[in-house]
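The values are calculated or read from the model by the stated rules, or taken from the named source; none is laboratory data. Keep in mind that this is a model prediction, so the values were computed, not measured. When we count neighbours, we look across all protein chains shown, and the Cβ atoms used for this are built from the backbone with ideal geometry, even at glycine. Surface accessibility is based on the protein's heavy atoms, side chains included, excluding ligands, DNA and RNA. Shrake-Rupley method; radii C 1.70, N 1.55, O 1.52, S 1.80 Å.
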Amino acid sequence: IYHVAHPQVVTQAELGTAVANAVSTRPARLFVPHVLLYPLCLLKDAAALVSGRPSPLNTRRIPEYAAPGWVCTTERAADELGFTAEVGLQEGARRTAAWYRENGWLSGGPDRRP
């Protein structure tokens, strides 16, 4: 198994900011105390069941939400495959948002940067 990514470690906050910048919006940070996480996820599970629409906030992902962080290494892909990603976070998010727009997954026309 290989983790194929850029070797730079990225925090969730940095990822959220990069995606928000790529889609020309401001990120909304929501901090939920761990004591409220399970009840909130249960409510979202129930809402998803009623609406028929899955929610990214659900009980199956509680361990992910509660984790202080994790890092996957790209060393094996580099050593065994000779793969090193050349596109960093900001450029990758911009390209991904542009592709999503071009393919109708995001509204807002062409990728516009302020």
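Tabulated data
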| quantity | calculated |
| --- | --- |
| Ellipticity estimate at 222 nm from DSSP helix runs (n ≥ 4, -39,500 (n - 2.57)) divided over the chain, nearest 500 | -13000 deg cm²/dmol |
| Computed magnitude of the charge dipole of the chain (debye, nearest 20; Cβ of K, R +1, Cβ of D, E -1) | 600 |
| Added length on full extension, which subtracts the Cα-Cα distance from 0.36 nm per residue, R53 to H6 | 13.7 nm |
| In the range 28-90, the GluC sites (Glu not before Pro) that fall in loop regions by DSSP, at most 10 other Cβ within 10 Å | E86 |
| Sites L37 and E14 - FRET efficiency at Förster radius 22 Å, r taken between beta-carbons, to 0.05 | 0.50 |
| Kyte-Doolittle mean at least 1.0, axial Cα span of 20 Å or more - DSSP H helices of the chain | 34-51 |
| Solvent-accessible area per residue for the chain (1.4 angstrom probe, square angstrom) | 79 |
| Sites excluded, chymotrypsin sites (Phe, Trp or Tyr not before Pro) in DSSP loops with at most 12 other C-beta within 10 Å, longest stretch of the chain | 32-69 |
| Accessible area of the chain belonging to carbon and sulfur atoms, whole % at 1.4 Å probe | 59 |
| Trypsin sites (Lys or Arg not before Pro) within the range 23-114: DSSP coil, no more than 11 neighbouring Cβ in 10 Å | R29, R112 |
| Surface accessible to a 1.4 Å probe, S24 within the full protein complex, Å² | 70 |
| Gyration tensor (alpha-carbon) shape descriptor, the range 28-114, a/c threshold 1.5 | oblate |
| Shape call, the range 1-76: gyration tensor on alpha carbons, a/c limit 1.5 | prolate |
